[in-house]
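Coordinate-derived values only; no laboratory data. Everything numeric here is computed off the predicted structure, so don't read it as measured data. Note that each Cβ is placed from the backbone with ideal geometry, even for glycine, and that neighbours are counted across all protein chains shown.
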Amino acid sequence: MAAKVGHMPADEAMRGIERRFMYSPLKHLMQRAYEVPSLLRLARRHGVTISSGRVLDAGCGAGFGLETIAHTLHPAELHGCDIDPSAVQRARTRVPEAIVSLEDVTSMNYPPDTFDAIFMFGVLHHVPRWQQAVSELERILTPGGTLLLDDHPKRSVDLMERILRIPHPLESRFRWEELTNAIGDAGLSVVASELHLAGHFGYVVCTKPDHGSVSSTP
């Protein structure tokens with residue numbers, strides 16, 4: 001059963017204005033020109049090299065970020081996943097070279113230590129059990145791998161609901177410090193964390209400690 005947002009399943013909460021935006025040319029432009037480059041620059045500034053081995057876009061939506069990752073990193077193996085079947089189909093059509101799966105980010109079917117790099121663009125503020133999603137990302141990331149994510153903290157989500165009447169789960173309205181603490185609690189190391197737009201949007205680059213494990217990437 002899907003998680004609830006009030007009386008609404010979580011995977012249906014993103015609708016109306018927000019859903020139209022997620023499938024719009026503006027979102028495509030933002031991911032290509034702003035989100036992906038900003039995360040990669042933040043990683044580089046802190047000495048983190050992003051693997052071009054096996055890469056996942058978790059919560060890939062229509063595949064705009066997936067497409068940008070493909071053109072920027074040229075990964076050996078590119079994956080995407082989303083909880084919305086229509087988004088999965090759109091992403092498969094947009095990025096045919098990617099393997100795109102229907103997945104719930106709180107309980108994914110990937111084996112442990114699968115991906116060398118994972119991207120997540122603005123997903124966690126839709127997920128009531130967002131801490132479980134962070135734990136899942138840690139589980140499927142290879143030792144030495146990198147997690148790069150951006151998201152809206154509580155103040156931004158509250159504003160979206162108040163001004164634009166866009167519903168979001170109460171449970172996923174985290175403060176930025178709560179997010180970075182949860183990432184650390186899951187076993188990842190926060191390398192860099194930045195808030196932008198007067199604290200309404202932020203970026204995090206994390207790594208999974210490598211204690212001598214061998215990567216699963218061929």
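With helices as the sole contributors, the chain gives -10000 deg cm²/dmol at 222 nm; each DSSP H run of n ≥ 4 counts as -39500 (n - 2.57), and the sum is divided by every residue.
Placing unit charges on C-beta atoms (Lys and Arg positive, Asp and Glu negative, everything else neutral), compute the dipole magnitude of segment 131-218 about its Cα centre in debye, rounded to 20. Can you show the working numbers first?
Working: 8 positive and 12 negative charges, 45 e Å.
Taking the Cα centre of segment 131-218 as origin, the dipole is about 220 debye.
Once you order the gyration tensor axes a ≥ b ≥ c over the Cα atoms, which shape class does segment 26-134 get: rounded for a/c under 1.5, otherwise prolate or oblate by comparing a/b with b/c? Rounded. In order along segment 76-92, phi translates into HN-Hα couplings of 5, 8, 10, 10, x, 8, 7, 7, 9, x, 5, 5, 4, 5, 4, 5, 4 Hz, rounded to whole numbers, per the Karplus curve 6.51 cos²θ - 1.76 cosθ + 1.60 with θ = phi - 60° and x for Gly and Pro. Near the amide H of Asp57, within less than 5 Å, lie the amide hydrogens of His79, Gly80, Cys81, Phe119, all on another chain or at least 5 residues away, with H placed in the peptide plane.
The fewest-to-most ranking of Phe201, Phe121, Phe115 by surrounding Cβ atoms within 10 Å reads Phe201, Phe121, Phe115. Once the chain from Leu29 to Arg44 is taken as fully extended at 0.36 nm per residue, the excess over their C-alpha distance is 3.2 nm. Model label sites at Ile163 and His74, defined 7 Å from Cα along the beta-carbon direction, differ in position by 4.1 nm. Sorting Val127, Val48, Val55 by the number of Cβ atoms found within 10 Å of their own Cβ, with the fewest placed first, yields Val48, Val127, Val55.
Here each label is just a point 7 Å from Cα along the line to Cβ, and for Ala192 and Asp210 those points are 1.9 nm apart. If one computes P(r) from the Cα atoms of segment 22-207, what percent of pairs lie at distances over 26 Å? For segment 22-207, the share of Cα pairs beyond 26 Å comes to 23 percent. Overall, the chain carries a charge dipole of about 620 debye about its Cα centre when +1 sits on the Cβ of Lys and Arg and -1 on the Cβ of Asp and Glu, all other atoms neutral.
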